[in-house]
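Quick notes on the structure that follows.
The values are calculated or read from the model by the stated rules, or taken from the named source; none is laboratory data. Predicted model, so just to flag it, every value in this text is computed and none were measured. Note that we place each Cβ from the backbone using ideal geometry, even for glycine, and neighbour counts take in every protein chain shown.
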Amino acid sequence: DLAVSLYERIAHADETGDEDTPIAYNGNVVLEEGKRYIQDGVVYLCTRDSINALYHPLNQLIGLYVEVVA
């Protein structure tokens, strides 16, 4: 959807969110349960869908949407 792409970061095709290719997070991202995201060298596992784009750093979302895995 064009409107979504104007406002939300879309992961590159090589960022699948699995263990080997976490999705780079810099805010403005809808988190998906089960996918991994990376920010500032730390990998996080999403524990529940955010439904809407989030803007906070992932370290502020621990226990709400993510947990640290590496």
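Some points to look at:
- Residue in region 2-9 that is at pLDDT 95 or above, among the charged types (D, E, K, R) and surrounded by 11 or more Cβ atoms within 10 Å (Cβ to Cβ) present: no
- Leading residue by the ranking (nearest to residue 20 (Cα to Cα)) among those in region 39-56 that are at pLDDT 95 or above and surrounded by 14 or more Cβ atoms within 10 Å (Cβ to Cβ): 43
- Cβ pairs under 7 Å, 6+ apart, first in region 50-68 and at negative phi, second part of a loop (DSSP other than H, G, I, E, B) and among the charged types (D, E, K, R): 53/8; 65/48
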